[in-house]
1. Out of 91, 155, which single residue is more than 22 Å from residue 320 (Cα to Cα), within 25 Å of the chain's Cα centre (by Cα), assigned by TED's automatic domain parsing to the domain that holds residue 303 and at pLDDT below 80?
2. Is it the case, given these coordinates, that residue 66 is under 26 Å from residue 283 (Cβ atoms) and out of contact with any strand residue (DSSP E or B) (no Cβ under 8 Å at 6 or more places or on another chain)?
3. Could you go through region 253-260 and let me know if any residue there is surrounded by fewer than 17 Cβ atoms within 10 Å (Cβ to Cβ), assigned by TED's automatic domain parsing to the domain that holds residue 202, more than 22 Å from the chain's Cα centre (by Cα) and under 17 Å from residue 210 (Cβ atoms).
4. Confirm whether residue 311 is assigned by TED's automatic domain parsing to the domain that holds residue 131, touching a residue at least 60 places away in the same chain (Cβ under 8 Å), out of contact with any helix residue (DSSP H, G or I) (no Cβ under 7 Å at 6 or more places or on another chain) and in a helix (DSSP H, G or I).
5. Report the residue count in region 34-62 for those that are over 14 Å from residue 7 (Cβ atoms) and part of a helix (DSSP H, G or I).
6. Only one of 238, 178, 161 is in the same structural domain as residue 274 (by TED's automatic domain parsing) and under 29 Å from residue 79 (Cβ atoms). Can you tell me which?
7. Name the single residue, out of those in region 135-185 being in a helix (DSSP H, G or I) and touching a residue at least 60 places away in the same chain (Cβ under 8 Å), that is surrounded by the most Cβ atoms within 10 Å (Cβ to Cβ).
């Protein structure tokens, strides 16, 4: 479009160099535009591909005659969201590998080590510690009922998925996530970065504040931040400012963010102030995630030490007691 091509010609160029499902989607959008409908209506036919934010930014661009500019806003939004998600995934990779390795170590001990020493423990003329008796009971159950153990594990996983879909559980889980040391701080910054980036982009693109608040709510994962946006919708209907609602939630919205938004509302530069905050919190997330492995390393070492050390003590203590009795 920046080179002077019409929208239908631009889509056709993209369609000719695209294969697979996206090619078929572009073919449908091309036909929609050629029949006189808007680009936004063509995108809206594929909600599983194009987010509400994407569609509304395009619709606002078409209505204002600034489609090219709004498409650039879409590009910036998607790039920032991708960068943010990549940093979070990268930061969580190391802890996930450590926990998974610990699970394999514990499983290996239960499956391969304990069954070989159970008979020896039974022959020992000593009272076994509680931890050892529990380990023997678990190892015996796994050894004698392997299929049932797998069924129970799958049932537990399925049960977690079912519970995960219950709205009341989301409130408990998301609330707990916000108060966990280190992780809670990252979760807050990620939600702040997402809501300021989405809201600021839409305000700058000409979308009305009530629509922008409603769409931004759907970009957030944490239900506690979503509830703030429910309050914002009501406040807008009553003619109140966003900052008047945000200042009621200092635990979730830092005072600095509330004041910057207030300044933006008073100066008529709300979009700029929101994007300033988005850049600030995205940089904060970047700085924290770079050092996350170092910050979590002491906790992970303690976790591994307690798990492996506890299992080792449960196995070795009875043996040492027998040796010491001679």
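1. 91
2. No; evaluated as a whole, the condition is false for this residue.
3. no
4. No.
5. Number of matching residues: 8.
6. From the options 238, 178, 161, the qualifying one is 178.
7. 135
The values are calculated or read from the model by the stated rules, or taken from the named source; none is laboratory data. It should be emphasised that the depicted structure is a prediction, and the values quoted were computed from it without experimental measurement. Don't worry about glycine lacking a Cβ; one is built from the backbone with ideal geometry, like all the others, and counts go over all protein chains shown.
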